[in-house]
Amino acid sequence: MKTGLVIEGGSLRSAFTCGVLKCFLESDLKLDTIFATDLGALAAVYYRSGQAEALEALYGDYFADKGEISYLYALKGERSAVDAQALADIVWKNHPLDM
């Protein structure tokens, strides 16, 4: 039987996804297929490469570099809670992909 996973996108939803995928790696759970979008795709790439440390550090590195997010702006819809491009740039700099 084959197993698959669909990962949603979204700035803070993918933080939860990173934690789940890190647990999957630590449990040696292998998935046959992964479909992902937005920041969920970034988490999926690090899962497939087996880089649990990057999944754990992804948002910590971002917040250390950018500071706290503005919940008020996010709730008002004036801007995203997390800048996806900045997050990707920071994590790729600190944790290059090793595939």
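The values are calculated or read from the model by the stated rules, or taken from the named source; none is laboratory data. Predicted model only: the values in this text are computed from it and were never measured. Counting neighbours? That spans all protein chains shown, and the Cβs are built from the backbone with ideal geometry, glycine included. In case anyone asks, the SASA skips ligands and DNA or RNA and just uses the protein heavy atoms, side chains included. Shrake-Rupley method; radii C 1.70, N 1.55, O 1.52, S 1.80 Å.
Taking the range 25-54 as the range and being touching a residue at least 40 places away in the same chain (Cβ under 8 Å) and either among the hydroxyl-bearing types (Ser, Thr, Tyr) or under 16 Å from Ser14 (Cβ atoms) (or both) as the test, the residues that pass are Asp38, Leu39, Leu42, Val45, Tyr46, Arg48, Ser49, Gln51, Ala54.
If only residues of the range 6-36 that are of a type in the set (Ser, Thr, Tyr) and open to solvent by less than 30 Å² (accessible area, probe 1.4 Å) are counted, the one that is farthest from the chain's Cα centre (by Cα) is Ser11. Scanning the range 38-50 for residues being open to solvent by 30 Å² or more (accessible area, probe 1.4 Å), at pLDDT 90 or above and either acidic (Asp, Glu) or touching an Asp or Glu at 6+ places or on another chain (Cβ under 7 Å) (or both) gives a total of 0.
Within the range 70-99, residues that are farther than 16 Å from Gly60 by Cβ sit with their Cβ atoms under 7 Å from residues that are modelled with pLDDT of 80 or more, at 6+ positions apart or across chains, in these pairs: Ala84/Asp38; Ala84/Leu39; Leu97/Val45; Leu97/Ser49; Asp98/Ser49; Asp98/Gln51; Met99/Ser49.
In the condition set (1) more than 29 Å from Met1 (Cβ to Cβ); (2) modelled with pLDDT of 85 or more, Ala84 is compliant with all but (2). Contact annotation: residue pairs with Cβ atoms under 7 Å, 6 or more positions apart or on different chains, pairing a residue in the range 10-22 that is assigned to a helix (DSSP H, G or I) with a partner that is open to solvent by 40 Å² or more (accessible area, probe 1.4 Å), are Lys22/Glu56. Only one of Glu78, Glu53 is modelled with pLDDT under 85 and open to solvent by 50 Å² or more (accessible area, probe 1.4 Å); which? Testing whether each residue is modelled with pLDDT under 85 and open to solvent by 50 Å² or more (accessible area, probe 1.4 Å) leaves just Glu78.
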